[in-house]
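The structure appears right after this line, and notes come after that.
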Amino acid sequence: MDYQQLKQEIIEYSRIIGIDKIGFTSASPFTELKSRLLRQQELGYASGFEEKDIDKRVDPSLLLEEPRSIIAIALAYPSKMKESVKGKRGERRGIFCRASWGEDYHTILRGRLKKLEAFISSKVPDARFRSMVDTGELADRAVAERAGIGWSGKNCSIITPEFGSYVYLGEMVTNLPLEPDAPIENQCGTCTKCLDACPTGALVQGGQLNAQRCIAFLTQTKGFMPEEFREKLGNRIYGCDTCQTVCPKNKGIDFHLHEEMEPDAEAVRPLLEPLLHLSNKEFKQTFGYMSGSWRGKKPIQRNAIIALAHFKEEESVPALVDVLLNDVRPVIRGTSAWALAKIGGGQALEALLAAKEKETDEEVQQEIEQAISSVKNHEKQ
C-alpha cells in the first residue's frame, strides 16, 4: 500500500465532500496535555462536561487497538447573518452564539467523518476507525493543533490562517500509518484582546480557561446562575462569542460554505417573552435541530429571563410576574424574582410580595426576599 498516495487521495476526497481543512498527526499520547488537564482539575477550572477519564482524553490507544494516525478535520461556519432581525422596545430578542447557528454541528461533522471512513474502507478494507466530534474522549483542540489545522489561541480556540477560529472540529483515530503534518506556529504574539474583553475574567491567562466562569458554560447549566454572572449575560441565551469577535485574526472572516450551517434569524435571535411559555414539544420543534438545544428548554428560559432584566423594560413585567407566580420550576421562579427587582416599579413589588406569601422553596424565598429589599431600597433613593 502506498500510504503517501492514500493520504493525497484522502485529502482530495475530503474537499469533494465539503471538509474545509484536513490534517494528519500520529496517534502517540498527548503527554503535555495530561499535566495541563490534571492541573485544570486541581484548580476546579473544568466544566464537568468533559470525559471524566483523563487517560482516555490523552491516549488514543485506549480508544482503538494499535492506532497509528489521527485524521483531524475542520469545517468553517458563518460569522454573520445574511438576513437579521432586530429587537425593539417591548419585543426584545436573545441571541444564540454562532456555533449554534444552523443544523447541529455534531450531526454535520459526523456525516462527513462517516463518508471519509467509507472512502478509506473502499481503498483499504481492513482499515479500522474511531471517529468523534466534541463529545468524544479526545481533546479536539489538542488533536487539531498537532495535526496542523491551526494554533491554539489565547482564547482557547483553534485559530486557522484561512477561517480564523470560526471552525468546527472533528477527528478520526485509525490504524493506518499516514504521514503526520507539521503544527502551525502560534501567531497570537503579544495580543491580549480576548483576555481583556472576556466579560467574566474566565480567561485566566493566554490558553487557560476557568470554565466555571465562562458565559458559554454558564448558559448551559440548569440550576440558579450565580448572581455575580447574571448582569454579565446581556441578552445571550446560549453561548458567548466575545473572545472570538474581538480576535484580530477573525476580522473580516465570514464563510458561507455549507447550506446546513446557515442561521434562521428568528431561531437564533428569538423573541424573549414567547420563550418563557414554550412547551417541551414547541421547544423541540423550534430549536431541536440546533446544537444549543442539547440541554433542553430550562437553561434557555432561565437565560431569557435574565436577558429581559438586562433590557429593564416595564413591558416585560407581566410576563415575568406570570412566571414568578405560576411556573412549577424553582429556578425559573427565583430567577424571575431577581429580574423583576432589576426592572423595579410598583407592579413588580406587588407581585414579589404576593409571591412571598405562597412560595415554599427555600432558595426561591431567598431570591424573593432579596428582590423585595432591592426594589424598596431603590424606591427610597
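What follows draws every value from the coordinates through simple rules; no lab data is involved. As the structure is a computational prediction, the values presented were derived from the model and not from experiment. Heads up, the Cβs are rebuilt from the backbone with ideal geometry, glycines too, and the neighbour counts pull from every protein chain shown.
Of LYS312/LYS342; LYS154/LYS249; LYS88/LYS232; LYS7/LYS115; LYS80/LYS249, which ones are farther than 18 Å apart at the Cα?
LYS88/LYS232
Using a simple spin-label model with points 7 Å from Cα along the Cα→Cβ vector, what separation in nm is obtained for GLU313 and TYR289?
2.8
If you fit an axis through the alpha-carbon atoms of helix 105-123 and take the longest principal axis of the Cα set of the chain, what angle between them do you get, 0 to 90°, nearest 10?
That works out to roughly 10 degrees.
What would the Debye formula give as log10 I(q)/I(0) at q = 0.27, 0.34 Å⁻¹ for the alpha-carbon point model of the stretch 74-114, no solvent?
The calculated log intensity ratios at q = 0.27, 0.34 Å⁻¹ are -1.03, -1.23.
Using the beta-carbon distance between GLN41 and LYS298 and R0 = 30 Å, what value does 1/(1 + (r/R0)^6) give for FRET efficiency, to the nearest 0.05?
0.65
If you take the charge dipole of the chain about its Cα centre, with +1 on Lys and Arg Cβ and -1 on Asp and Glu Cβ, which of ILE70, SER374, CYS97 is farthest toward its positive end?
SER374
Pick out, from ASN250, ALA265, TRP294, the residue whose Cα sits farthest towards the positive end of the charge dipole of the stretch 172-308, with +1 on the Cβ of Lys and Arg and -1 on the Cβ of Asp and Glu.
TRP294
With charges only on Cβ, +1 for K and R and -1 for D and E, what is the dipole size of the chain about its Cα centre, in debye, rounded to 20?
500
For the Cα atoms of the chain, what angle does the longest principal axis make with the long axis of helix 3-16, in degrees from 0 to 90, nearest 10?
So the inclination is approximately 40 degrees.
Select from ALA211, CYS191, ALA27 the residue farthest towards the positive end of the dipole of the chain; place +1 on Cβ of Lys and Arg, -1 on Cβ of Asp and Glu, and compute about the Cα centre.
CYS191
Helix 31-43 versus the longest principal axis of the chain: what angle, 0 to 90°, nearest 10, using Cα atoms?
Tilt relative to the chain: about 10 degrees.
Where in the stretch 142-241 are there trypsin sites (Lys or Arg not before Pro) that are in a DSSP coil and have at most 16 other Cβ atoms within 10 angstrom of their Cβ?
Counting only loop positions with at most 16 other Cβ atoms within 10 Å, the trypsin sites (Lys or Arg not before Pro) in the stretch 142-241 are LYS222.
Can you give the extra length, in nm with one decimal, that the chain gains between HIS256 and GLU91 once fully stretched, where that is 0.36 nm per residue apart less the Cα-Cα distance? Walk me through the numbers before you get to the answer.
Numbers: separation 165, 0.36 × 165 = 59.40 nm, distance 2.89 nm.
In short, 56.5 nm is gained.
For the stretch 168-284, what is the charge dipole size about the Cα centre, in debye to the nearest 20, if Lys and Arg each add +1 at the Cβ and Asp and Glu each add -1 at the Cβ? All intermediate terms of the calculation are to be shown ahead of the outcome.
Details: 11 positive and 17 negative charges, 107 e Å.
Here the size comes out at about 520 debye.
Dividing the Cα convex hull volume of the stretch 1-128 by residue count, how many Å³ per residue is that?
Residue-normalised Cα hull volume stands at 159 Å³.
How about LYS21: which aspartates and glutamates have a C-alpha closer than 13 Å to its C-alpha, ignoring those fewer than 8 places off in the same chain?
GLU12, GLU145, GLU162, GLU171, ASP181
Once you charge only the Cβ atoms, +1 for Lys and Arg and -1 for Asp and Glu, what is the size of the charge dipole of the stretch 1-43 about its Cα centre, to the nearest 20 debye?
Here the stretch 1-43 has a charge dipole of around 220 debye.
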